[in-house]
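Notes follow once the structure below has been shown.
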Amino acid sequence: LDWKMRLTRRSDRATALLLLLLLILSMYCLRQLLRHHGSGTVPPGEKHYVQIGEQAGPGSVFAFPNEPSLQQALAAAGIPYRDPEEAREHPPLVSGERLAVTREGGKTRLSRGEMNGFFKRSLGIPLSINTESVAGLTAVPNIGPDLAKCIVEERSRRGGYKKLEDLMTVPGIGPQRFLKIRPFVKL
């Protein structure tokens, strides 16, 4: 009977040790996942996505290996642009940006803005909690229209969020929901 008790104790210790190692490994994997997805930057080797099109239409999304210049983006979309000097003055387009093109009286006008939140979400681009619209924020899992409205209202009240953790001051966002939202948002 004594040997059965010793065997049971060893088995209990081995199980406890195995559970502890599994917990440590899980925490490490979660930390790596949050570090990568919550950064808001495009890791090396990944594509930069830019939406380009007419002002009235949705346009198309183009993938570039690096942040494209205005000339590169327009060339990819097949849009002629007659003022190369002006095009050089513009900073490169960043992933998640929208370039709208309008033509008036033979002149081409360009305006830069944010890509639709649903496009960003489908491309894996984190959404900015400081600039995204109520409709765009609903593209984030676990954020519905009411919560998105609360996030935007709190953003207006405080003059913008300083860190992602500030989201937990919004009613309805506690630690659990924050962990679910964090991989999909950035400042």
Notebook entry, point to check: How many residues does the stretch 12-54 contain that are modelled with pLDDT of 80 or more and either in a strand (DSSP E or B) or under 30 Å from LEU70 (Cα atoms) (or both)?
Noted result: 7
Notebook entry, point to check: Within the stretch 111-131, which residues are in contact (Cβ under 8 Å) with a residue 24 or more places away in the chain and either surrounded by 13 or more Cβ atoms within 10 Å (Cβ to Cβ) or assigned to a loop (DSSP other than H, G, I, E, B) (or both)?
Noted result: MET115, ASN116, PHE119, LYS120, ARG121, LEU123, ILE125, PRO126, LEU127, SER128, ILE129, ASN130
Next item on the list: Go through the residues of the stretch 162-184 one by one and say whether even a single one is crowded, with 19+ Cβ neighbours inside 10 Å, closer than 21 Å to GLU46 by Cβ and under 15 Å from the mean Cα position of the chain (by Cα).
Entry: yes
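Out of curiosity, is LEU99 assigned by TED's automatic domain parsing to the domain that holds PRO65 and either in a loop (DSSP other than H, G, I, E, B) or surrounded by 15 or more Cβ atoms within 10 Å (Cβ to Cβ) (or both)?
Working: assigned by TED's automatic domain parsing to the domain that holds PRO65: yes; either in a loop (DSSP other than H, G, I, E, B) or surrounded by 15 or more Cβ atoms within 10 Å (Cβ to Cβ) (or both): yes.
Yes: the conditions hold for LEU99.
Picking from ALA148, ALA135, which residue would you name as being in a helix (DSSP H, G or I), in contact with a Ser or Thr (Cβ under 6 Å, 6 or more places away or on another chain) and either outside the structural domain of SER95 (by TED's automatic domain parsing) or not aromatic (Phe, Trp, Tyr) (or both)? Reasoning before the result, please.
Details: ALA135 fails: in contact with a Ser or Thr (Cβ under 6 Å, 6 or more places away or on another chain).
None of the other options fit; the residue is ALA148.
The values are calculated or read from the model by the stated rules, or taken from the named source; none is laboratory data. Note that the structure is predicted; figures quoted are calculated from it, not measured. Positions of Cβ are generated from backbone atoms using ideal geometry, with glycine treated the same way; all protein chains shown enter the neighbour counts.
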